[in-house]
Each structure stands twice: as C-alpha cells, then as structure tokens.
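Input: a single structure, listed below in structure tokens.
The values are calculated or read from the model by the stated rules, or taken from the named source; none is laboratory data. Everything quoted here is computed from the prediction, not taken from an experiment. Please note: Cβ atoms are built from the backbone with ideal geometry, for glycine as well, and neighbour counts cover all protein chains shown.
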Amino acid sequence: MNEDNFNMSIRKFLKTVGVTAQREIEKAVRQAQSEGKLKGTERLKVEARIVVSGIALDVDVNGELDIR
C-alpha cells in the first residue's frame with residue numbers, strides 16, 4: 001500500500017464530505033429560519049456516519065451546531 005496515496009485519498013474524501021455537509025447544513029438552516037421553524041437561538045444536534053465497504057468500519061460522529 002502506498003501510504004502517501006492512501007492518505008491523500010482520505011483527505012480528498014473528507015474535504016468533499018466537509019464542503020458538501022457545510023453547504024447542505026447552511027442551506028437547511030436558512031430554509032428552516034425563513035419558514036419560521038428556527039428562531040436563530042438554537043443549538044442543533046448533528047450526526048454523521050462513515051461506512052467503508054469492504055472493511056469493518058461503521059462509525060458515528062456526533063456533535064452540536066450553535067446557530068446563535
């Protein structure tokens with residue numbers, strides 16, 4: 001296994017996940033605010049799940065978004 005290639009492919013995937021997730025979260029929060037579902041003072045629970053086919057990896061990452 002080429003460690004450098006492996007590391008770069010992981011970083012590329014995580015960058016894609018991060019950019020996509022941020023864009024979608026921002027869009028959903030703005031939509032919810034415009035519909036009156038959020039006041040802008042909330043803390044929202046967030047969860048991401050990473051599954052890698054072919055190996056035994058299934059991990060949940062939990063956190064909180066502060067939109068205040």
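Details
- Among residues of the range 54-66 that are surrounded by 10 or more Cβ atoms within 10 Å (Cβ to Cβ), those with a beta-carbon under 8 Å from a residue that is outside any strand (DSSP E or B) at least six positions away or on a different chain give the pairs Leu65/Ile25; Leu65/Val29.
- Test result for Ile50, in a strand (DSSP E or B) and without any contact (Cβ under 8 Å) to a residue 60 or more places away in the chain: yes
- Taking the conditions (1) touching a helix residue (DSSP H, G or I) at 6+ places or on another chain (Cβ under 6 Å); (2) at pLDDT below 95 in turn, Leu38 satisfies each one other than (2).
- Evaluation of Val29 against (1) surrounded by 11 or more Cβ atoms within 10 Å (Cβ to Cβ); (2) farther than 21 Å from Leu57 by Cα; (3) in contact with a helix residue (DSSP H, G or I) (Cβ under 8 Å, 6 or more places away or on another chain); (4) not hydroxyl-bearing (Ser, Thr, Tyr) (one fails), failing number: (3)
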